[in-house]
Each structure stands twice: as C-alpha cells, then as structure tokens.
1. Among A:58, B:54, rank each residue by its count of other Cβ atoms within 10 Å, from fewest to most, as a rough exposure measure.
2. Would you mind ranking B:323, B:189, A:160 by Cβ crowding within 10 Å, fewest neighbours first?
3. Which one of B:21, B:42, B:63 has the biggest mean-square fluctuation once chain B is modelled by GNM with Cα springs under 10 Å?
4. Taking chain A as the region of interest, what is the percent of Cα-Cα pairs per 5 angstrom bin, listed from the shortest bin to the one with the maximum distance?
5. Helix B:322-337 versus the longest principal axis of chain B: what is the Cα-based angle in degrees, 0 to 90, to the nearest 10?
6. Taking each residue in A:88-98, count the Cβ atoms of any other chain within 10 Å of its Cβ, then average. What number comes out?
7. Tell me, what is the percent relative contact order of chain A, built from C-alpha pairs under 8 Å that lie six or more residues apart?
8. So if I take the centroid of the Cα atoms in the stretch B:161-211 and the same for the stretch B:253-318, what is the distance between those two points in Å?
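We did not get these values from a lab; they are worked out from the coordinates using the rules stated. Quick caveat: nothing in here was measured; it's all calculated off a predicted structure. Glycine gets a Cβ as well: all are built from the backbone with ideal geometry, and neighbour counts include every protein chain shown.
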Ligand SMILES: Nc1ncnc2c1ncn2[C@@H]1O[C@H](COP(=O)(O)OP(=O)(O)OP(=O)(O)O)[C@@H](O)[C@H]1O
Ligand SMILES: [Mg+2]
C-alpha cells in the first residue's frame, strides 16, 4: 500500500479504492497511477463508475476503503477546499457555472487568491487579476464575452467557461468529466485544440465517450467496467483488448 | 472591465433618495407619534437588510431572525431596566434595587447574567457580540454538517420557538410574557418625552445608514459575489477552493448582528421589549418584508419594510382580523407574481420609463449608458 511513497514520480496514486453505496460497489478495489504531465483518459460504459472515481479524488464522495495519494498527501483525509488548494481541479459533467454572474466574475471567483472569508472581503480586482482573467478568457474563446452574463452563453461556451475557471486555478492535476459532451462538431475541434494548450505542464484526467477525441489526446487509457479496471494501456492496446471489445467498443 | 467600486452610481442615488425620505420628508411631514411609528418600522428594516445578504444573496433562509432581534432588544432593555430600578425608585419593593418583575417573583438578588448590564459599554458589546456569536454557533453546527435549505429554515424556526418559551417560562429573570417594560432613562437622559423620540429617530436612521453602507460594501466585495455563486452552485464554489460553510456562517452572523442592532433600537424607540418580537410569527413577518421589498435589493428591503408596516397599521386599525390573511396573500402574490418584489417592479417597469424620458430629453446628445439606476434598483443579479 505504500507504492505511492516509494515511487514519488507519480503525481497521483490511487490504491485499493472502494466505495459502496448501500452495499453496491460503484468503485471496487481500484488502483491506478498518473504520472507528472500525463494525459490519462478514463472510458467505460454508462454507470461504470467513472464520475464516482473523480468524486472520490476531489473529496465529494468519501471512500469506503483505499487510499488516494497526491504528491504524497492522502486526499481521503482532506476537505474539498484543501484538496483544491493542494492542486487538484475538477470540472463537472454538466457545466457548472454561475449564471447570475458575468463571465468575468465567474473566472475571477476561481482566481486562487482571497479564498478565506476576510480574504474575500479584502480582495481587490488588481491589474494582475484582470490580466490573468483576460488571458484565460482568450484561451477559452470568450474574450469578447467578459462583461456578459454567463446565462447567455451557449452550452459549449459554458463548458469552456468552466474549463477556464479551472485553468485560472492553475491546478497540477486537472480532472475533466466529459468536456465535449453536448458540443457541436466545430466546438469539439476547438475544445481539443484548447485541451492541447492547457495540458502543458500539468497532468490531466479526462473522462470521455467520444473515441475520436480520446484517440486524439490520450497518452494512456483506463477502461472501467462495473467499478473495476477492465484494461489499461495505450489506445491501441486497449482497442484491441478482446475484453474491451466485448463490453464496450463492440457495440 | 471596470472594478466594482464600493459605491456604484445607483448606490449613491439610492442612498440620497433614502436620506431625503428619512431625514427630510418624513420628519418634516409627520408628527412625533407617527415619526415614532416609522422609527419602530425601521427597526425591522435592520432585520430585512440582514436577510437580503443572508437569504437574497446567500440563499440561506432563516425563519428565526426574531431570535437575534430579541437578543439585541433584551440586551438594551436589561440595561435600561437596571437604570430604572435604582434603590431609590424601587424602595417600596421587598428587595429594592432589582427590577420590579423579579421582586414580584420572589427573587431577592440580581441574577449573575444581569450584572454586566449595569455597564453601557458592556451592554453595547453584548448587543453586538452575543447574537453574532450565537449565530456563529448555530451556523457552525448546521453549515459544517451541510444542513441547509428547508432544514435550516425549520431549525431556525424551532430556535425562535424555544427562545420564546424560555423567556415566557423564566418570568423572574426575563419579565415573562409582559417583557421588560417601564424603561425610563439612558445614562440619566429620559427616553420618553417627544424631543427624545425625535433624537432617537435620527440616531436610528444614522445606524441604519451605517448598516446599509456595510451591506453595500459586502455586496460589492468578492465575498458578495461568492454568496451569489454559492446560492447557485454550491459545489462549484466548494471545488474552487472555498470553505462554503465559513461563507454561510459569515452571512448568517452579519444578518444576526444587523437584527440585534434593530432590536436594541426597538427597545430605545418603543420603550419596551417582549417575547412577542422573538418568536415564529415576527420572524416570518420579517422575511415577508424582505420578500416584498425584493430579496436581492438592499434598498428594496427598507422600502418593503416601511410599506408593509404602514399597510399593517392602517389595515389593522380598521380590520384587525383581516391583517394576517392580507399578509399571507401579499406574500403569495409577491412570490408568484413579483419574485423580485418592489425592487423588481421598479427595475422592470418604473426605471425603463424614467430612462426613456431622460433619453428623449437628451436625444441626439450623448447617449445614455443603458445601466439602470434608481433608488431601489440595485438588485439586478447580473448587474
Ligand atoms: N451517491 C450515490 N449513491 C448511490 N449510487 C450512486 C451514487 N453515485 C453514483 N452511484 C451509482 O454508481 C454507479 C456509477 O455511477 P457513475 O456516475 O460513476 O457512472 P459513470 O461511469 O460516470 O457513468 P456515465 O457515463 O453515465 O456518466 C451508477 O450505477 C450510479 O447509479
Ligand atoms: Mg459520469
């Protein structure tokens, strides 16, 4: 159980992770390791437990047993906001943004400063903050929408905005739950381009169903099925694994 | 992007309009009795102001703000009662020097928790700190456990009920159902005559403006935006690195502190404090004032409180039984038809008219910036 400590070059070490909801094991004795600067994609059929794995890592769901080490810290013992501050960012499956606020304000809230109550009261919109917000807005194709209320954005733009909110946090591990779901073809292309630029200098854990997209970005793919790893390796290895073909890619 | 300033243009106009009403128009046009009624109504405006921050922005509905109003009011009443119960004034009692209701209840010594209220400084500190601290305890116990929404509302309501029962039951220590009455002087200055009422009215208005400025500051700070964000997507805020519970606790404590100041002002202006301002019914009424004014509008809360209370006074003078039904109907109407209350009506219907008139007058010259401003239109969520 100490592999994470023995091999410190792993950014994230998930070991023996299990969670059971009233006896139903949504994630069952799962172990996997993510290296620095690695892009890992998790695929699997609906209900395989993909989202639950992210929930466990970011602290939204408490593990029944097992360990999650991030840079040597045990995330299972930390609060959600501490996990974020340790460098883990997470995008939700459905776009989760603040529709009553402007695009600028959405991004600004994620700026990693003034996170305590009194810090937030004293927070100033300095030139540095403004610059960073504009920089990120540019990356997520929303530069000309900064002053606009976020509820006026299209579905794809909302997804980008949430990605931007993570980007501004500058996490070491970025977790994205189906970032291109519900996007048009052209939006998908732009998102792939966006992901290619933002994955530099950090590790990324992506859940995605779109195989073309997965092939395009993944270093390594983990296939989940019924809470367990069915197969793991490069896209080619996984694609040709008969077990995977049977439960997932076959139909 | 321009920085959100501490006071936007619409805030300055709102403050000026309110000041005109409260400092000039009402004092000049009302007799002392009516002005004192306004003072009484305005004490609830402190509570409504807190509810705008806590409920409107933060989404935390408390149905127990009467608790904090009561704590502030009782704090002030205890001080005034002790001053009124000098040995000289109470020499006919079997134990002179203690409040009359204690004497009637065969209590022969001032209880320990009454002792600090001999000092005005300690009293003021108690009014500001005890309700906020109590809110902190309740907030920490609830929000850290992720209790929110309806459950939180019900718990605050239960606390209001418990405190009322406690006050009524402990007659010897609290004055029971009658409350603490027969208050006379503040540091020797008689609070009962007409000129004192006028002075107290202005003191209260000054405090109200202080609280409004504080609320505007919070609303325009990043904390204000986090409250709005939290109301919408609590998890997103949490997973952006914030301790959601701490922000909720802050909003709840600030609302409690505002309510307590209102309570203390009530005691001073009205001259007594009783459990009928602590319990479930007054707590719900205060939520209705906020809803009528517009729960997203700091200024709206003040106008809502004044308007509902004027209506209450005039209606209950003529049809006392109908008032509660009227209030209920008003609340339903506001929730169903005007979810943003008076402030929403102002913003959506009155303001555009004014804007159009201004625009017509200066058509051709510099164009209008399109941003709505007005005395109560600060509540547009995405402004
Ligand atoms: N909080 C919970 N309580 C009970 N069951 C849950 C809970 N969260 C998830 N589950 C169950 O765990 C299983 C895995 O769910 P999960 O959302 O992780 O799947 P997924 O792989 O993300 O699927 P999808 O591709 O549809 O997003 C599902 O059967 C789901 O019903
Ligand atoms: Mg999922």
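1. A:58, B:54
2. Numbers: B:323 17, B:189 9, A:160 27.
Taking fewest neighbouring Cβ atoms as first place, the list is B:189, B:323, A:160.
3. Answer for the Gaussian network model of chain B: B:21.
4. 1, 6, 13, 17, 19, 16, 13, 8, 5, 1, 0, 0
5. Between the helix axis and the principal axis of chain B, the angle is about 30 degrees.
6. Working: counts 2, 3, 4, 2, 4, 0, 0, 2, 8, 4, 13.
Mean number of neighbouring Cβ atoms from other chains: 4.
7. Contact order relative to length: 26 percent.
8. Distance between centres, Cα-based: 15 Å.
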